[in-house]
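One structure is given below, encoded as C-alpha cells.
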Amino acid sequence: MKAQPYRETLPASWFYDPDQYRRELRAIWYREWLCLGREEDWPATGDFQRVDIGDEQIIVTRAGDGALHAFHNTCRHRGSALCEAQSGTFSNGRIVCPYHAWTYALTGELERAPRTTERDGVRLEDFSLYRVALDSWRGFVFVNLAAEPRSSLQEALAEESGHVAAWPLEELRRVHRETQRLACNWKIFWENYLECYHCPGVHPDLCRLVPIYRTGFMDYADAGQEPDPQRPHAMLRPGAVTWSTDGGTDLPWFDGLGKEDAERGMTFATWAPTMFLVAHVDYVRTVRVLPLGTEQTELIVDWYVHRDLLDHPALDVKRLVAFGSQVVTEDARVCELNQKGIRCARHQRGVLLEVEDYVHGFEQWVRQRLGE
Ligand code: FES
Ligand SMILES: [Fe+2]
C-alpha cells in the first residue's frame, strides 16, 4: 500500500534563527493588536507601565483627560529612552527625558525643549512623542504598533469574543498574577497550546477533569465521539463545575450565564499571538504572551473574579489558582524541552498528525502573515 504523504512543520530553524524572529516581529508582533493589561492597571493620572515587545518598548500612561495613551519609549530629540522603570507615576503630569530634559505632556505633545533658540528651527508641535494606537475591549487594553493598523480592535477580536459574551468581563478584578519567562520561541508556546496530543502524558490531572482530552483531541466533534446526551455541552467530568483541583467551587457563579455556558464548564477565546482567555462559572483566567527574544517568551497569567466577590468569605485565592497554575507549569516544562531539542542540526522539520490540525492552521497563519 502506498503511504500517504505526511504533513511537515515549519522549518526547525524558524524556532531559533534570530533573523527569522525579526521577520516575525515585523510581520506579526508589530502589526497585530496586543493586550497589555486592564483599564484598572492605570488607576490615576500619570500612572504608567512600560512594556517590552520584541525590540520595541512602549509606555502606556493615563492622561489628565482620563484616557490612556501609548507611545514608543523614545525621546524625539536624540532618541534616549524616556523611562527605565517598569511602572510608576510621572510626577507633575509631565514626561521628562532624563538626558536633556525635553518635556512632554501625558498626551505626548512636546511642551518644552530647554535652551532652544530660533536658530535651531525646532517647532514644539513637530516633535510629539511617537504615538502608538491604543483601544480597549471590555476592560482589556490593547495596543497596535502599526502606523496604520489593518483592522480596528473590535474587528480583530470579533470572531472569538462572542464565545464569552455572557461573562461580565468589564466587572472583573484581578486576584492573582503569575509571570513566567520561558526559554522557548513564542511559536513553541502557541503550538503547544493548540494541541492536546500531549495532554494524556503531560497533564494527567487535567485529563481526569476534562475526559475528552484523554483522546488527544480538544472536543467531541474532532475526536469523532458523541457527548453525553444528558449533558451535550459538558466538557468537565460529571460533578465538576470549574477548573479546580477537585472540580468544585465555593464561590457564587457569574450572573447571566446561559445553560450551555454553565454546562460546558470551560469556555475559551483565543487571540494569537497575544492572549487567550478561559471563562468558568466562577472565575476567568487570561494568559498573555510577549516575545522577549528568539528563544525567550514571557507569560503573564492572571486570575479574575467579579469585583463584588473581592471580600467574599468563600474567596480562597490559593484554591482558585492551584489547578490552572499546575497546568501552566506542566506546559512550560514541555515548551522548554521542545526548544532544547529542536536545535539539532539533523532535525530540519518535524511532522504534524491529524490530531495537530490546529497547529497546522497556526503555521499556515504564520506563513500567510509573512507573505509566503
Ligand atoms: S535625548 Fe531626550 S532630551 Fe535629549
Ligand atoms: Fe498543555
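The values are calculated or read from the model by the stated rules, or taken from the named source; none is laboratory data. What you see is a predicted model, and the numbers here were worked out from it, not measured in a lab. Positions of Cβ are generated from backbone atoms using ideal geometry, with glycine treated the same way; all protein chains shown enter the neighbour counts. Protein only, heavy atoms only, side chains kept; ligands, DNA and RNA dropped before computing areas. Shrake-Rupley method; radii C 1.70, N 1.55, O 1.52, S 1.80 Å.
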| remark: By residue number, the members of region 336-372 that are out of contact with any Gly (no Cβ under 9 Å at 6 or more places or on another chain), among the aliphatic types (A, V, I, L, M) and surrounded by 18 or more Cβ atoms within 10 Å (Cβ to Cβ) are 352, 359, 366
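What strands (runs of 3 or more DSSP E) lie completely within region 83-174 and have 2 or more residues being touching a Phe, Trp or Tyr at 6+ places or on another chain (Cβ under 9 Å)? Even if it seems obvious, please write down each step before you answer.
Working: elements: 87-89, 94-96, 103-105, 110-112, 131-137, 140-144.
Ranges flagged: 87-89, 94-96, 110-112, 131-137, 140-144.
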| field | Residue tally, condition assigned to a helix (DSSP H, G or I) and either under 15 Å from residue 184 (Cα atoms) or touching a Gly at 6+ places or on another chain (Cβ under 6 Å) (or both), over region 1-21 | value | 7
| request: Give 192, 185 a once-over and let me know the one that is more than 16 Å from ligand 2 (Cβ to nearest atom) and either closer than 30 Å to residue 258 by Cα or under 16 Å from the mean Cα position of the chain (by Cα) (or both). | output: 185
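Conditions (1) more than 19 Å from residue 137 (Cα to Cα); (2) touching a Cys at 6+ places or on another chain (Cβ under 8 Å); (3) modelled with pLDDT of 95 or more, marked per residue:
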| position | (1), (2), (3) |
| --- | --- |
| 2 | yes, no, no |
| 20 | yes, no, yes |
| 31 | no, no, yes |
| 70 | no, no, yes |
| 80 | yes, yes, yes |
| 86 | yes, no, yes |
| Can you name every residue in region 323-337 that is small (Gly, Ala, Ser) and near ligand 2 (Cβ under 10 Å from one of its atoms)? | 332
| Output for region 65-109, where each listed residue is open to solvent by 20 Å² or more (accessible area, probe 1.4 Å), at positive phi and either within 16 Å of ligand 1 (Cβ to nearest atom) or outside the structural domain of residue 145 (by TED's automatic domain parsing) (or both) | 79, 101
| task | Return the residue satisfying two criteria in turn: it lies in region 110-151 and is under 21 Å from the mean Cα position of the chain (by Cα) and basic (Lys, Arg), and of such residues it is surrounded by the most Cβ atoms within 10 Å (Cβ to Cβ). | result | 138
| query | Pairs under 7 Å by beta carbon, first residue farther than 14 Å from residue 329 by Cβ in region 173-184, partner aliphatic (A, V, I, L, M) and open to solvent by 60 Å² or more (accessible area, probe 1.4 Å), six or more apart or different chains? | reply | 173/310
| Under the condition of being small (Gly, Ala, Ser) and free of Cβ contacts under 8 Å to residues at least 60 places away in the same chain, which residue from region 152-172 is farthest from residue 331 (Cα to Cα)? | 152
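Would you list the helices (runs of 4 or more DSSP H) that sit entirely within region 255-372 and hold 3 or more residues that are under 20 Å from the mean Cα position of the chain (by Cα)? Walk me through it before giving the result.
Numbers: elements: 259-264, 317-342, 357-369.
So the answer is 317-342, 357-369.
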| remark: The condition from (1) open to solvent by 50 Å² or more (accessible area, probe 1.4 Å); (2) in contact with a strand residue (DSSP E or B) (Cβ under 9 Å, 6 or more places away or on another chain) that residue 333 misses is numbered (2)
| said: As an exercise: evaluate residue 155 against (1) open to solvent by 70 Å² or more (accessible area, probe 1.4 Å); (2) in contact with a strand residue (DSSP E or B) (Cβ under 9 Å, 6 or more places away or on another chain) and give the number of the one condition it does not meet. | reply: (2)
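Before we move on, is residue 44 within 29 Å of residue 152 (Cα to Cα), open to solvent by 20 Å² or more (accessible area, probe 1.4 Å) and either part of a strand (DSSP E or B) or not assigned by TED's automatic domain parsing to the domain that holds residue 294 (or both)?
On the way: within 29 Å of residue 152 (Cα to Cα): yes; open to solvent by 20 Å² or more (accessible area, probe 1.4 Å): yes; either part of a strand (DSSP E or B) or not assigned by TED's automatic domain parsing to the domain that holds residue 294 (or both): yes.
Yes: the conditions hold for residue 44.
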| said: Looking for something within 16 Å of ligand 2 (Cβ to nearest atom) and open to solvent by less than 30 Å² (accessible area, probe 1.4 Å) - is there at least one such residue anywhere in region 213-225? | reply: yes
